[in-house]
Structures are given as structure tokens and as C-alpha cells.
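Have a look at the structure below, then the notes.
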Amino acid sequence: MSSKTQPPADRLPLIHIADLHKVYVLGLTRVYALRGIDLDIEKNEYVAIMGPSGSGKSTLMNIIGCLDVPTRGRYFLNGKDVSKLDEDELARIRNKEIGFVFQTFNLLPRATALQNVELPLFYAGISAARRRQLAREALEKVGLADRINHRPNELSGGQRQRVAIARALVNNPSIILADEPTGNLDTKTGAEIMDIFDHLHQQGNTIVLVTHEKFIADHAERIIHLKDGKIEFEERPQVAGGTVQ
């Protein structure tokens, strides 16, 4: 299927990006962050995006996460063209469709783990009792049932990232979008966090992971390598069983 032509609505992948460009104007300077990206990601796929500084991976992540809009091109998420939506509409898409996991955790320091996980549900208008139930279930999934009343400064780095993952899961989003999720963690804790992502993928979640670490990207089914705002090449890492897909 060519990414340059929009397929029929009932055959669109979860993410369909066609001829995507992003240009930033800084005074008299134009910075071409993305230069004609074509990319499809299917439901339940696990994809890593890699590239050196300045490759465009953060810009692409921001557009996939509806935190930014392209200068030119189309972006369909779940069959909906989100390329031209206004900020209010993008905010609704972010809350409903995308679960974010960031390198710096982005937790509210004075809120408990349970309250942090409840936050997306609050913005979605879910009742207080239902919010607490869903947040507890999400924390149980990441092994933090015994830490629900702890604040971030009472948790280790790995536990804080588990809270962030639970928050990303709680709305049952279409995509989990993880930006350098192990960047602030030691090797052992980072491996534990990647085990959680592997398990979430096995449960049917779609994961898009942005990283500069090859050993982290190798957890994915497919790795997209960016360079100078373009897709340089794709690869499929070796999988359990010793064969390359």
C-alpha cells in the first residue's frame, strides 16, 4: 500500500502518514525538520523510531502525539485526518487516543500515584469512583498496587516511570507513545521498564517508542531510522527464536 495515496477508510492502518513535512521559521531562517515522511503503523504493532540529534524524530513524535501539526502532508489516526485540527480538537484526541510516557515522568509532585494516574480520566469527565477503580487497576498492571498512596518523592525512578505507564494506560488509548522512557534510569531498572512494554505489547497494545539506544529499539518489531528529516531505512530486529523477520 502506497503511503502517498490515501487508502479507503475501512482499510486505513492505525497510523497513516503521507508526504509529511514540517518547517520551522526562526527569524529569516527556515529549518526543515521533516522532509516528506511516508509511514504506516498497524494496530497492535510495536515500532521504534531512531535517529541522531536533528534527525526529526522528536518532531515526528510530536506530530504523531498531536502535540504539533505538519506544515504539509496528511496524518490519519484511527481513520481520522488530524492534520488540520485546531488545538481544542487535538487536545481531545490526545486525551482519548494517546497515552504518553516521557523520559522525565511528568508526574504531579504533590499528588499520590493514584491521583496522578486518575488525571486523564478527570479530563475525560469520568466519575470519581470510576476514576479510582480504573487507576487502581492500571497501577496493579504495572506492579504498584502497594504504592498507590505514595507521592513521587517517595518512589524510586523505576516506580515513578511505572506510575507514568499506568497513567498512559488508564484511558485504554489507541497508542502508547514513549519518548526515551529509560533515559533517566539505570540499566537494570531500564530493562525492567522495557519488560513492561514488551508485556503490554503482548496484551495487544500499539506502542511507538522514540529512542537513541539501539538495544532499547531492539525490543520493537520494527525500527524506523531517521536522518535529516527523512526515513533513511527500516529494519526488523532479531526476534526470540533466532530468525530475522
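Observations on the model:
- The residues in the stretch 64-76 that are within 13 Å of LEU177 (Cα to Cα) and crowded, with 22+ Cβ neighbours inside 10 Å can be counted, and the count is 2.
- Test: residue in the stretch 104-112 that is modelled with pLDDT of 95 or more, over 26 Å from ILE216 (Cα atoms) and surrounded by 18 or more Cβ atoms within 10 Å (Cβ to Cβ): yes
- Cβ pairs under 7 Å, 6+ apart, first in the stretch 204-215 and over 19 Å from SER53 (Cβ atoms), second of a type in the set (Phe, Trp, Tyr) and not in a strand (DSSP E or B): ILE207/PHE197
- Members of the stretch 41-74 found to be closer than 24 Å to MET194 by Cβ, at pLDDT 95 or above, in contact with a Ser or Thr (Cβ under 9 Å, 6 or more places away or on another chain) and not in a loop (DSSP other than H, G, I, E, B), listed by number: ILE41, TYR46, VAL47, ALA48, ILE49, MET50
- VAL82 vs. criteria within 18 Å of the chain's Cα centre (by Cα), at pLDDT 95 or above and either buried (at least 21 other Cβ atoms within 10 Å of the Cβ) or closer than 29 Å to GLN202 by Cα (or both): no
- Only residues that are in contact with a Pro (Cβ under 7 Å, 6 or more places away or on another chain) and not in a loop (DSSP other than H, G, I, E, B) were counted in the stretch 75-95, giving 1.
- Among residues of the stretch 159-183 that are acidic (Asp, Glu), those with a Cβ under 9 angstrom from a residue that is part of a strand (DSSP E or B), sequence gap 6+ or separate chain, pair up as ASP179/PHE100; ASP179/VAL101; ASP179/PHE102; ASP179/LEU209; ASP179/VAL210; GLU180/PHE102; GLU180/LEU209; GLU180/VAL210.
Per-residue answers, yes or no, for (1) closer than 22 Å to LYS214 by Cβ; (2) crowded, with 22+ Cβ neighbours inside 10 Å:
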{"residue": "ILE148", "(1), (2)": "no, no"}
{"residue": "LEU155", "(1), (2)": "no, no"}
{"residue": "GLN161", "(1), (2)": "yes, yes"}
{"residue": "ASN172", "(1), (2)": "no, no"}
{"residue": "ILE175", "(1), (2)": "no, yes"}
{"residue": "PRO181", "(1), (2)": "yes, yes"}
{"residue": "THR187", "(1), (2)": "yes, no"}
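The values are calculated or read from the model by the stated rules, or taken from the named source; none is laboratory data. What you see is a predicted model; the values in this text were computed from it and never measured. Positions of Cβ are backbone-derived with ideal geometry, glycine not excepted, and every protein chain shown enters the neighbour counts.
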